[in-house]
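Below: one structure, written as structure tokens.
None of the figures in this text is laboratory data; all of them are computed from the coordinates on show. Note that this is a predicted model, so its numbers are computed, not measured. Reconstructed Cβ throughout: ideal geometry from the backbone, glycine too, with neighbour counts over all protein chains shown.
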Amino acid sequence: MTALPSAVQAPPSAPELLDRCRVLVRPALTEAVGRLHPWVAEMAGYSFGWCEVGGAPAGASGGKGVRQALAVLGARAAGADGRAGVPAAVAVELVHAFSLLHDDIMDGDATRRRRPAVWKAYGTGPAVLAGDALFALAVETLAAAPGGARSLRLLSAALSDLVRGQADDLLFAARPFTGPERVTPVEYRVMAEHKTGALLGCAAALGASLGGAPGPAVAALDRAGRHLGVAFQLVDDVLGIWGDPAVTGKPAGGDLRERKKTFPVLAALDSPAAARRLPALLDSPGREAEAADLIEAAGGRAAALAEARRLTAEARTLLTRPPLAEDAVGGILRLVDHLAGREL
């Protein structure tokens, strides 16, 4: 097992830190998934990119591992060995996978990380079952960890927020782009904190809790993680409209083609001129480039990036307040710079 670097070593870069945390967590995550029913375990392995349909080994990416890294660094921020945060990392990674399986079904998304989504590969019913199994396994994993029982409240609160955020996201799709019933940027930000930020905050807070951190430090890490989650979502929104497909793996203007109510779109609609023209462009296939230009001219891109910068700055401030281990905080900040730097 690869250990995290000690304080006397040169600090690792963010990609190195993500890699080392994934290596640290992977054996425990693999062991946990192996406790599932073999068919369900295969679906879980497929969702993580470990195997193909039928169980043949695969080399697909299982994601960046940001939540895993935050859990490990949360434990280190509390002054504990990073291994103390591994059960938290496993639990949060399982919850994240569960949420993706169900989200893809609810949103009708046929692909995930350049492969067929689990529900397309195995069927809707099996994918729901696999998601339920991952959720149950996350609770079991955390409850079995030393001090995990008292940390279940943190996970429960994050799950409640995640469900609330997903409910709002689904309801947003049926609301108009303009008029008194339209979705506002403020509402979107609250939804993003619940759907995306809550689990990132929970990851860092759970790691700190298992590492023995006092309540104020756990709360500060939770809040900082929530801010970072929203900031990352806003950056993703920008990339979903203007990102390079060779980098993002998604078609240019894909979010506009799907008429998604992302932050840049909602912020642009605050402009009367954009509010008059943009809905018609979004309803016209093939005019995504025009819509993107209008959103940028109306300030939607700038507003999203400014809000992301503000939230990132608030997260940095939160991380300097409680008595946290400097090397772990430095690692978290390097992750912030690396991920936010995709567009900021």
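In the set L137, L199, which member is of a type outside the set (D, E, K, R), surrounded by 15 or more Cβ atoms within 10 Å (Cβ to Cβ) and either closer than 30 Å to E307 by Cβ or in contact with a Lys or Arg (Cβ under 6 Å, 6 or more places away or on another chain) (or both)?
Working: L137 fails: either closer than 30 Å to E307 by Cβ or in contact with a Lys or Arg (Cβ under 6 Å, 6 or more places away or on another chain) (or both).
When all the criteria are applied, what remains is L199.
Step by step: first the residues of region 174-223, then only those that are in contact with a Phe, Trp or Tyr (Cβ under 9 Å, 6 or more places away or on another chain) and among the aliphatic types (A, V, I, L, M), then the one that is farthest from H102 (Cα to Cα). Which residue is that?
Initial filter on region 174-223 (in contact with a Phe, Trp or Tyr (Cβ under 9 Å, 6 or more places away or on another chain)): 183, 185, 187-189, 191-192, 196-197, 200.
Going one step further and asking which of them are among the aliphatic types (A, V, I, L, M), we end up with 183, 191-192, 200.
Numbers: V183: 23, M191: 17, A192: 17, L200: 18 Å.
The selected residue is V183.
Which ranges mark the helices (runs of 4 or more DSSP H) fully within region 235-344 that have 2 or more residues being of a type in the set (D, E, K, R) and out of contact with any Gly (no Cβ under 9 Å at 6 or more places or on another chain)?
Here the list reads 272-282, 288-297, 300-320, 326-340.
Provide a single number: the residues in region 140-155 that are surrounded by 12 or more Cβ atoms within 10 Å (Cβ to Cβ) and either among the acidic types (D, E) or at negative phi (or both).
Step one: of region 140-155, the residues surrounded by 12 or more Cβ atoms within 10 Å (Cβ to Cβ) are 140-145, 147-148, 151-152, 154-155.
This time we only want the ones that are either among the acidic types (D, E) or at negative phi (or both), so: 140-145, 148, 151-152, 154-155.
Count: 11.
Would you check if there is a residue in region 173-193 being buried (at least 23 other Cβ atoms within 10 Å of the Cβ), among the small types (G, A, S) and closer than 25 Å to D81 by Cα?
no
Failed condition for A198, given (1) under 18 Å from R321 (Cα atoms); (2) among the small types (G, A, S); (3) assigned to a helix (DSSP H, G or I), with all others met?
(1)
Only one residue in L239, L162, L170 is surrounded by fewer than 24 Cβ atoms within 10 Å (Cβ to Cβ), over 25 Å from R310 (Cα atoms) and either among the basic types (K, R) or within 19 Å of the chain's Cα centre (by Cα) (or both). Which one? Let's see the steps before the verdict.
Values: L239 fails: over 25 Å from R310 (Cα atoms); L162 fails: over 25 Å from R310 (Cα atoms).
One residue alone meets the criteria, L170.
Among the residues of region 51-102, write down those that are in contact with a Gly (Cβ under 7 Å, 6 or more places away or on another chain) and either free of Cβ contacts under 8 Å to residues at least 60 places away in the same chain or farther than 28 Å from G147 by Cα (or both).
Scanning region 51-102 gives C51, A58, A60, S61, G62, F98, L101, H102.
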